[in-house]
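Here the structure comes first, spelled out in structure tokens, and everything after it is commentary.
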Amino acid sequence: SVEASIPEPLREAWRKHSATKFTTKHEFEREFVRHIETTLARSLYNCDELAAYSGAALAFRDRLIIEWNRTQQRQTFSDQKRVYYLSLEFLMGRALDNAMLNVGMKDVARDGLADLGFRIEDAISQEHDAALGNGGLGRLAACFLDSMATLNYPAWGYGLRYRYGIFKQEIVNGYQMEIPDYWLDNNPWEFPRHDITVDIQFYGHVTKYQDENGKTCHSWEAGETVQAVAYDVPIPGYHTKTTNNLRLWSSKASSGEFDFQKFNAGDYESAVADQQIAETISAVLYPNDNLERGKELRLKQQYFWCAASLYDIVRRFKKTKRAWSEFPDQVAIQLNDTHPTLAIVELQRILIDVEGLEWDEAWSIVTGTFGYTNHTVLPEALEKWSVPLMQNLLPRHLQIIYDINLFFLQSVEKRFPNDRDMLSRVSIIEESHPKMVRMAYIAIIGSHKVNGVAELHSDLIKTTIFKDFVTIYGPDRFTNVTNGITPRRWLHQANPELSALIAEKLGGYDFLTDLTLLDRLEVFVDDKKFRREWADIKAKNKLRLARLIKDVTGYSVNPNSLFDVQVKRIHEYKRQQLNIFGVIHRYLSLKAMTPEERKKVVPRVSIFGGKAAPGYWMAKSIIYLINSVAAVVNKDDEIGDLLKVIFIEDYNVSKAEIICPASDISEHISTAGTEASGTSNMKFVLNGGLIIGTCDGANIEITREIGEQNIFLFGNLAEDVEDLRHRHFYGSFQLDPQLKRVFDAIKEGTFGDPSSFTSLISSIEEHGDYYLVSDDFNSYIATHDMVDQEFQNQEEWLAKSITSVARMGFFSMDRVTNEYADIIWNIEPLDIADEA
Ligand code: T68
């Protein structure tokens, strides 16, 4: 073994000086001060809160590194199957609080920091969010990492180390402005691995040749080479020694080839410029969610990251000296949407062009290795790349894609002779001008399992966009794994008081690793004292949010109001426009009331947050409308506290941790059939908020779990959407009368220059109301009236809140991770402690 190859005296010397972890307050303080004074070159006299954050982070980082090194060693020695989660986005948020809670030392750190003159909360809030994602898809990847480590799965994440994460949103005169998010300075959580690099090729041409046995081979002569450098981020599990690795690739000019000639020719400036071109590959996260725009640089990012990751995975496998046929027994690769689909093509290329395997043998290794998760049915979000673009950037990969397609279509032809329509429908190549490569089809054909992320969504992909593939492969290739969230961050960390109250009732924190234990809360539903404590915690969390609102908007809100929250990316299908039209309806109704009538009204704060993609005009108009309504309503003295409208700028993970525990009601109101799952719905319910929602995505399973008396459902069903859309176009379109009143008020200029809102209104009135805002308006308003009524019965409301939390066990990311491990990856946990 590797260990035995090192002489005992040498091992002894290393063992003696091996790093140790702090375990007491005293030791924490020593590490903290040491880092302040040496690593940071500061002292008692110039240690501000940012330095205190850094000192604490470095002290905890040292602990993580020790466990991380051990985990990697044990995983390598044990030689078990590993899973690799490929995602272009990891929306991690802050790391320090999470690290402290996961290693179970937050109290020690709190006391230690207090001794040294700092409040732990102030130190924690200095950290810059790691915002390498757009929304749900990126956050799901982050929750996966947390669960995989917590459950001791040997797992790695692979992503890109963007220099700029998702932009920072500022609201200026009601409009969204985008500010670059340069986040890398002083990031203590990443470790550059300058020794782990991969040269990645682009462009060039392919030559055919015969090898010594007369076999036809291909060689790809690249036109450009860029270097990928690994940066590693430790991922601690909760209360386990397992600390997994997230490897992010950064692009750099390749030292080998292209600078020298220019440098030698004295062309220094242009050599440096080339260097910068190489670095742009990992410069920026594309800020679109649920939209694909076919930019070459995006394709370059995708290949750069897939090729570097696969090289790394293959290199690790080759060290085991196993036969290639064992690759799928050692390696599972999960594709987070179609963004990493080129990994399928790249593995096939490595196996046939570099390792010399036959096509069929290689292809069965490939399909045995990959699994593909689909996150959307929206046509504008399905990835397609133009054939000429791909031909130019990745000539060899395009050939392999054509071959994959050829063999696939031949097999389809055999089973469905004379069905030419079928062949053109399922072809990877869309015969348009230009021709397009359909990435989802490669992902399906190259994987052994394809999954959707909630039951309705998984049914929809089987009956609509991927219907033909169910006919071809049978239903077994397709499955459902309903999304979840990590209870560590989204309950324990975001809502420590609720977590503590639950722990007190259940006799400990075991529910954080077995969320189904929450069901034992249900017996306390009628316990008066418990209800009061539950209500007090919600009140405190609302106060905390009210302070945040005051800080970022300047508005004061009454924390006794009903807090109604919709925070998520701004998108027409998510229907923030329905919400703000509802708010306007409420405002107009309040204005029409007598003072007597107004006394019976439940005061409400409508809270919005979310980013619009910078090029998404309609989404930006929605933000502008929300802010325009806020400007009028919030200064209307006649209305006062009865209605306030708030837009919280720059919604992100750390703000979500304050917002989710503070809702009375939250909105998940997508047009039925459009939201694949949604995950913030789970976060709100887990924190004791009720929800209003459509029969869409995971709302349906939340209803099944918590009971339909505990959720406010409204609106048309997915099965009726197509028909309604058809009628809008070919029948007569009847605008809902209450919505008409809202539109009239907007058109009269109640919220400023109406011309700013014409496209928003005409998309409904004149252009077919694709998202069914008018069809659902009446039912939406009626359901909000029920919310008001039920909120007045606080005891009933509390009972619903407690019951719902008690029944949320199903939505733990741990359940999700175990399902992937069983059904898709076929891997077992590896307990680090037992392996010692
Ligand atoms: C989300 N998708 C789904 N996409 O919309 C949501 N898209 O219903 C689901 O709960 C979540 O995934 C997790 O499954 C996204 O967030 C993107 O962000 C995205 C990014 C780039 C390109 C396309």
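The values are calculated or read from the model by the stated rules, or taken from the named source; none is laboratory data. The structure displayed is predicted, hence computed values, not measured ones. Every residue, glycine as well, gets a Cβ built from its backbone with ideal geometry; the counts of neighbours run over all protein chains shown.
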* Has the stretch 235-257 got any residue that is in contact (Cβ under 8 Å) with a residue 60 or more places away in the chain, of a type in the set (Val, Ile, Thr), surrounded by 15 or more Cβ atoms within 10 Å (Cβ to Cβ) and part of a loop (DSSP other than H, G, I, E, B)? -> yes
* To do: Only residues that are touching a strand residue (DSSP E or B) at 6+ places or on another chain (Cβ under 9 Å) and crowded, with 22+ Cβ neighbours inside 10 Å: list them for the stretch 285-298, please.
  => Leu285
* Asked: Is it true that Leu578 is touching a helix residue (DSSP H, G or I) at 6+ places or on another chain (Cβ under 9 Å), farther than 30 Å from Val377 by Cβ and in contact (Cβ under 8 Å) with a residue 40 or more places away in the chain?
  -> no
* To do: Report whether or not Ser670 is touching a residue at least 40 places away in the same chain (Cβ under 8 Å), within 16 Å of the ligand (Cβ to nearest atom) and part of a strand (DSSP E or B).
  => no
* Which one is farthest from Gly138 (Cα to Cα), of the residues in the stretch 681-708 that are small (Gly, Ala, Ser) and either more than 14 Å from the ligand (Cβ to nearest atom) or surrounded by fewer than 24 Cβ atoms within 10 Å (Cβ to Cβ) (or both)? -> Gly707
* Can you run down the residue pairs with Cβ atoms below 6 Å, 6 or more apart or on separate chains, where the first is in the stretch 451-474 and in contact (Cβ under 8 Å) with a residue 60 or more places away in the chain and the partner is hydrophobic (A, V, I, L, M, F, W, C) and assigned to a loop (DSSP other than H, G, I, E, B)? => Asn451/Val481; Val453/Ala676; Ala454/Ala698; His457/Ala676; Leu460/Val377; Ile465/Val377
* Structure fact -> Condition set at negative phi and in a loop (DSSP other than H, G, I, E, B), scope the stretch 52-93, selection farthest from the ligand (Cβ to nearest atom): answer is Gln80
* **Matching entry among Glu572, Glu597 (being closer than 25 Å to Gly133 by Cα and modelled with pLDDT of 95 or more)** => Glu572
* Asked: How about the stretch 126-161: which of its residues are under 23 Å from Tyr182 (Cβ atoms) and charged (D, E, K, R)?
  -> Glu127, Asp129, Arg139, Arg161
* Restricting attention to the stretch 464-477, report how many residues are within 16 Å of Tyr372 (Cβ to Cβ) and not in a helix (DSSP H, G or I). => 2
* **Every residue from the stretch 629-660 that is in a loop (DSSP other than H, G, I, E, B) and either over 32 Å from the mean Cα position of the chain (by Cα) or not assigned by TED's automatic domain parsing to the domain that holds Gly582 (or both)** => Asn634, Lys635, Asp636, Asp637, Glu638, Ile639
* State all residues of the stretch 178-205 that are over 27 Å from the mean Cα position of the chain (by Cα) and surrounded by fewer than 16 Cβ atoms within 10 Å (Cβ to Cβ); if no residue qualifies, say none. => His194, Asp195, Tyr203, His205
* Among the residues of the stretch 162-177, write down those that are surrounded by fewer than 21 Cβ atoms within 10 Å (Cβ to Cβ) and under 20 Å from Asp129 (Cα atoms). => Arg163, Tyr164, Phe167, Lys168, Glu170, Ile171, Met177
* Asked: Within the stretch 282-328, can you find the residues that are aliphatic (A, V, I, L, M) and part of a helix (DSSP H, G or I)?
  -> Leu297, Leu299, Ala307, Ala308, Leu310, Ile313, Val314
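Conditions (1) modelled with pLDDT of 95 or more; (2) within 25 Å of the chain's Cα centre (by Cα), marked per residue:
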site	(1), (2)
Cys47	yes, no
Ala51	yes, no
Ala59	yes, no
Trp68	yes, yes
Arg74	no, no
Phe77	no, no
Val83	yes, yes
* Asked: What strands (runs of 3 or more DSSP E), lying completely within the stretch 352-463, carry at least 2 residues that are within 16 Å of the ligand (Cβ to nearest atom)?
  -> 370-373, 384-386, 449-452
* To do: Identify the residue in the stretch 98-145 that is more than 22 Å from Asp185 (Cβ to Cβ) and in contact with a strand residue (DSSP E or B) (Cβ under 7 Å, 6 or more places away or on another chain) and, among all such residues, is nearest to the ligand (Cβ to nearest atom).
  => Leu137
* How many of the residues in the stretch 567-610 are assigned to a loop (DSSP other than H, G, I, E, B) and under 20 Å from Gly697 (Cβ atoms)? -> 6
* Asked: Considering the stretch 505-517 alone, what residues qualify as being aliphatic (A, V, I, L, M) and more than 15 Å from Gly484 (Cα to Cα)?
  -> Leu506, Leu517
* Structure fact -> If we ask which residues in the stretch 489-508 are more than 26 Å from the chain's Cα centre (by Cα) and not in a helix (DSSP H, G or I), their number turns out to be 2
* To do: Would you point out the residue of the stretch 795-823, among those that are surrounded by fewer than 18 Cβ atoms within 10 Å (Cβ to Cβ) and of a type in the set (Asp, Glu), that is nearest to Thr479 (Cα to Cα)?
  => Glu819
* To do: Look through Phe22, Phe32 and report the one residue that is of a type in the set (A, V, I, L, M, F, W, C) and in a loop (DSSP other than H, G, I, E, B).
  => Phe22
* Mind listing just one residue for me: the one in the stretch 337-351 that is closer than 13 Å to Ala440 by Cα and polar (S, T, N, Q) and, of those, nearest to the ligand (Cβ to nearest atom)? => Thr338
